[in-house]
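> I'd like to ask you about the structure that follows.
No lab work stands behind these numbers, since they all come straight from the coordinates. Remember, predicted model here, so these are calculated numbers, not experimental data. Cβ sites come from the backbone with ideal geometry, for glycine too, and all protein chains shown count toward neighbours.
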Amino acid sequence: MIRGLTKAGLGNIESDEQYITSAAQYGFGAVDLNPLSFVQTYGIGQAQHLLESNQVIIGSADLPVEWRSTDEQFREGLPNLVAMAEASAALNVNKCCTYILPSTDQPAASFMAAATKRLRLCADILDAFGIRLGLEFVGCHHLRTQWKNPFIWRVEDTLDWINTIHAPNVGLLVDSYHWHTNGLEMNELLKLKREQVVHVHINDAYDLPIEELKDGERLYPGEGVIDLSGFLKNLKTIGYNDVVAQEVLAPATELDVESRFAKSKAGFDLVFSF
């Protein structure tokens, strides 16, 4: 598996160049970032050089359309999705991901109907560029009641929805924190098939009842109670050998960027020793 990073938990990174070179310095082989803004900032040639010279790939991009709101807002974002997909293809990025909030202010049935059509269209656009779409289920209990109507947070419901979207390039983004807050054992990962997993996030949790764990209060890998070595081992067992990207959503701390990269490396060294 490829050790990867998102910008979450890394502090105030000044540029994508710093992000990539620091990732390489600390032994990471992938970063999640926006390919379109990256190419717009550096140009395609320099962008490719920064990645290749540091032996770093882009693990995944965020889906750049607002699919949770109105049809008008969704349509307005489609040209940006095409441009992002073109930039991704130029940089050999083959994954794009978005998260599913577990509740909504909209009526759940009509929201699902609209979101299914929108995500299918996004998947079709991405597929034309050889890009898979990963959907991230969000397990945190406090978000299940954050808005009026419950929606989706369980793995099996997300897989059912993926079957309904019915696009061959759609699968799961599996996040260790959301797996944990769903109350799932690590051995249950073995029920997944390799082709169902598009991307992976890794992070850790405080020693609290899962009902009390907040989405924005996570720990670096190896600092908490999640069996992350078991998480990685079981992903490897089902055949996943792609990017595992750290995502530590947490309150700001006094640590500088250099210390955060070092902390991230130490955590990966610990949990990858299986």
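> Taking a 27 Å limit on the Cα-Cα distance, which of the listed pairs K148/K233; K233/K263; K191/K263 fall beyond it? Don't skip to the answer; put the middle values down first.
Details: K148/K233 38 Å; K233/K263 22 Å; K191/K263 32 Å.
Violating the 27 Å Cα-Cα cut-off are K148/K233; K191/K263.
> What percent do you get for the relative contact order of region 22-165 when only Cα pairs under 8 Å and 6+ apart count? Intermediate results must be reported in sequence, preceding the final value.
Values: 199 pairs, mean separation 33.4, N = 144.
Answer for region 22-165 is 23 percent.
> Helices from the chain with mean Kyte-Doolittle at least -0.5 and a Cα length along the axis of 20 Å or more, per DSSP H: which? Mind showing how you got there, number by number?
Details: long enough: 71-90 (29 Å, -0.14); 108-127 (27 Å, 0.62); 257-271 (21 Å, 0.01).
Helices meeting the span and hydropathy rule in the chain are 71-90, 108-127, 257-271.
> Okay, moving on. Quote the relative contact order of region 2-271 in percent (integer), defining contacts as alpha-carbon pairs under 8 Å separated by 6+ residues.
Across region 2-271, relative contact order equals 21 percent.
> Hey, another quick one. How do R118, R154 line up, fewest other C-beta atoms within 10 Å first?
Details: R118 21, R154 14.
Lowest to highest Cβ neighbour count: R154, R118.
> Starting from the Cα-Cα distance between L184 and A266, subtract it from 0.36 nm times their residue separation and give me the gain in nm to one decimal.
Details: separation 82, 0.36 × 82 = 29.52 nm, distance 2.58 nm.
Extra length from L184 to A266 when fully extended: 26.9 nm.
> Let me ask something additional. Highest GNM mean-square fluctuation, the chain, Cα pairs closer than 10 Å: which of F74, F151, F231?
Per the Cα network of the chain with a 10 Å cutoff, F74 tops the list.
> Let me ask you something else. Provide the FRET efficiency to the nearest 0.05 for the I44-N163 pair, computing r from the beta carbons and using R0 = 45 Å. Please report the intermediate quantities before stating the final value.
Numbers: r = 37 Å, r/R0 = 0.82.
Approximately 0.75, to the nearest 0.05.
> Compare the Cα positions of Y206, Q196, A266 along the charge dipole of the chain (+1 at Cβ of Lys, Arg; -1 at Cβ of Asp, Glu; about the Cα centre) and return the one farthest towards the positive end.
Going by the charge dipole, the pick is Q196.
> Answer with a single label: of (i) 34, 21, 20; (ii) 26, 25, 17; (iii) 25, 22, 21, which was calculated as semi-axes √(5λ) of the Cα gyration tensor in Å from the structure in view?
(ii)
> Stretch N12-F111 to full length: gain in nm at 0.36 nm per residue minus the Cα-Cα span?
32.1 nm
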